[in-house]
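Peer 1: Please see the structure below; I have some questions.
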Amino acid sequence: MDHIDIVVIGAGVVGLAIASEIASKDRDMYLLEREQTYGQGTSSRNSEVIHAGIYYPKDSLKAELCVEANPMIYEICERHKVPYKRCGKIIVANGEAEVKQLEGIIKHARDIGARDLELIDADRVHMLEPNVKADAAIHSPTTGILDAHGLMDHFHREARRKAGSDPLVLDTEVTGIKQTKGGYVVSMVSGGEAFQVEAEMVINSAGLYADRVAAMTGIDIDEAGYRIHWSKGEYFSLTGKPPALMLVYPPPPLDAVSLGIHSVPDLTGRLRFGPNAFYVDEINYAVESEKMPFWSDVVKYFPSVKPEDLHPDMTGIRAKLQGPGDPVRDFVIRHEEDRGLPGVINLVGIESPGLTCSPAIAEIVAGMVGEILG
Ligand SMILES: Cc1cc2nc3c(=O)[nH]c(=O)nc-3n(C[C@H](O)[C@H](O)[C@H](O)COP(=O)(O)OP(=O)(O)OC[C@H]3O[C@@H](n4cnc5c(N)ncnc54)[C@H](O)[C@@H]3O)c2cc1C
């Protein structure tokens, strides 16, 4: 059996960012991914928005890491030629109640450190985006969009460069983790064959399956609060000329399960609307919803959009820690030493803004790895 220093499970944007941060010629590391290539999970099924950190609860990792990672992402994109656009975002309000809601949102966002936000009136909205109907808006110039695959390619290149070889092992599903005297025996099925490797550290960044991987180490995921609830988000795309170049959001619905149906431009100039949010029991990426509920949300701020302009597009699934009706939960990024599992780091519930936060999450994990391996 091979003995190595670190096994990272899951090559989505988070596992890749971690691998790029901790890779070194002095450490043996495998980054295990069960699919045929990296980034096939949630990391390739999202809005690709570089969030500014507006809505997340005060003192949460989501808020802290998003505010920290926003400029990090722009710097990575700039330095390593990852395609991006600092297109900006407006959260638009129509009617007195929504305008009042904006005041609460901007106060909260400034309180948690979001940068450069401005409350603007209908004339300013009209100057920025003439096709948008709004009585007022919050303008966030530091929100943008990026090529998520470009970012993952960059992290993969960095991991290879720092390790001196490629740590990524594809078509390899982790099926068991057993504690031994020297660390953990990780069982896997690779290319149809069973293998085992012994590792001093195991980092679980398995996205939608991170609770199942945590359970392999013997953790009771209900007691630990690690059970993941899958929440599906669907998008409809728009045919014809996009009515706006910025991201346009309504104020978030009060149920806090999503940010509301918003417009999401991509780097090719296409526009999508979404995502909605509903809990599901299986991973099935088909669009199931009708377009009319989407259209009735969208037409409130884009009056020119017609139902026939909308077409079912893609879906993604969120790894939420809160179930239906539960209060919002934070990311879990935890060294499980106090559970008798020294060297095991679990990352559970890395839902939005996990793409934006990926380099900051990787720095936290690198700090833990430094303490564990010295
Ligand atoms: C609809 C939607 C919109 C979103 N929009 C945004 C946004 O605009 N901005 C933003 O910042 N964030 C957004 N997010 C969140 C963001 O996409 C996620 O936080 C991020 O992609 C999570 O990355 P990950 O690496 O943790 O998970 P994943 O990308 O799912 O990667 C986990 C990997 O682990 C692998 N794996 C699982 N189990 C095993 C196993 N047993 N053995 C080996 N491999 C395994 C999987 O195959 C997968 O590749 C959105 C999410 C959704 C669903």
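A short reminder: the numbers here are calculations on the coordinates, not readings from a lab. Since the model is a prediction, treat every value here as computed from it, not as a measurement. All Cβ positions, even for glycine, are placed from backbone atoms using ideal geometry, and neighbour counts span all protein chains on display.
Peer 1: Most exposed first by the Cβ proxy, i.e. fewest other Cβ within 10 Å, how do Leu16, Leu271, Leu310, Leu170 rank?
Peer 2: Ranked by crowding around the Cβ, least crowded first: Leu170, Leu310, Leu271, Leu16.
Peer 1: Could you put Trp230, Trp295 in order, starting from the residue whose Cβ has the fewest other Cβ atoms within 10 Å?
Peer 2: Lowest to highest Cβ neighbour count: Trp230, Trp295.
Peer 1: With both partners inside the chain, how many of the DSSP beta bridges are antiparallel, as a percent to the nearest 5?
Peer 2: Expressed as a percentage, antiparallel bridges in the chain total about 70.
Peer 1: Suppose each label sits 7 Å from its Cα in the direction of the beta carbon; what would the Asp171-Lys100 distance come out to in nanometres?
Peer 2: Each label point is offset 7 Å from its Cα along the Cβ direction, giving 6.1 nm.
Peer 1: Say each of Arg110 and Arg160 gets a label point 7 Å from the Cα, pointing the same way as Cα to Cβ; how far apart are those two points in nm?
Peer 2: In this crude spin-label approximation the distance works out to 4.7 nm.
Peer 1: If you average the C-alpha positions of region 317-374 and of region 257-289 separately, how far apart do those two centres end up, in angstrom?
Peer 2: Using only Cα atoms to place each centre, the spacing works out to 24 Å.
Peer 1: R0 = 25 Å: FRET efficiency of Lys81 with Ala366, Cβ-based, nearest 0.05?
Peer 2: Efficiency at R0 = 25 Å is approximately 0.60.
Peer 1: What are the membrane-span-like helices in the chain by this rule: whole DSSP H runs, Cα extent along the axis at least 15 Å, mean Kyte-Doolittle hydropathy at least 0.0?
Peer 2: What comes out of the filter, once short or polar helices are dropped, is 354-373.
Peer 1: So, one more: Working out 0.36 nm times the residue gap between Lys181 and Leu373, then minus their Cα-Cα distance, what length gain in nm do you get to one decimal?
Peer 2: Stretched out fully, the Lys181 to Leu373 stretch lengthens by 67.5 nm.
Peer 1: For the chain, modelled as a Gaussian network with Cα springs under 10 Å, which listed residue fluctuates most, Glu68, Glu96, Glu363?
Peer 2: Fluctuation is largest for Glu96.
Peer 1: Where in region 219-237 does the amide nitrogen come within less than 20 Å of the point 7 Å from the Cα of Ser296, taken along Cα to Cβ?
Peer 2: Inside the label zone: 233-237.
Peer 1: Okay, next question. When a footprinting reagent is the concern and you count Cβ atoms within 10 Å, what order do Ile50, Ile317, Ile18 take, fewest first?
Peer 2: The most exposed by this proxy come first: Ile317, Ile50, Ile18.
Peer 1: Now a separate question. Please work out whether region 13-65 counts as rounded, prolate or oblate from its C-alpha gyration tensor, where a ≥ b ≥ c are the square roots of the eigenvalues and a/c under 1.5 means rounded, while otherwise a/b larger than b/c means prolate and anything else oblate?
Peer 2: In terms of gyration-tensor shape, oblate.
Peer 1: Is the shape of region 37-80 best called rounded, prolate or oblate, per the rule: a/c under 1.5 gives rounded, else a/b larger than b/c gives prolate, else oblate, with a ≥ b ≥ c the square roots of the Cα gyration tensor eigenvalues?
Peer 2: oblate
Peer 1: At a Förster distance of 35 Å, what's the computed FRET efficiency of Asp2 paired with Asp222, Cβ-Cβ distance as r, to 0.05?
Peer 2: The pair Asp2/Asp222 has a calculated efficiency of 0.55.
Peer 1: Is region 22-169 rounded, prolate or oblate when judged by the Cα gyration tensor, a ≥ b ≥ c being the square roots of its eigenvalues, rounded requiring a/c under 1.5 and prolate requiring a/b larger than b/c?
Peer 2: Prolate shape, in that a/c is at least 1.5 and a/b is the bigger ratio.
Peer 1: I would also like to ask the following. Taking the Cα-to-Cβ direction at Arg124 and at Lys306 and moving 7 Å from each Cα, how far apart do the two end points lie in nm?
Peer 2: My value for the distance between the label points is 3.5 nm.
Peer 1: Another question, then. Largest first and to the nearest Å, give the Cα extent of the chain along each principal axis.
Peer 2: Reported extents, whole Å, longest axis first: 66, 37, 37.
Peer 1: Could you give the length gained by full extension between His149 and Glu193, i.e. 0.36 nm per residue of separation minus their alpha carbon distance, to one decimal place?
Peer 2: 13.0 nm
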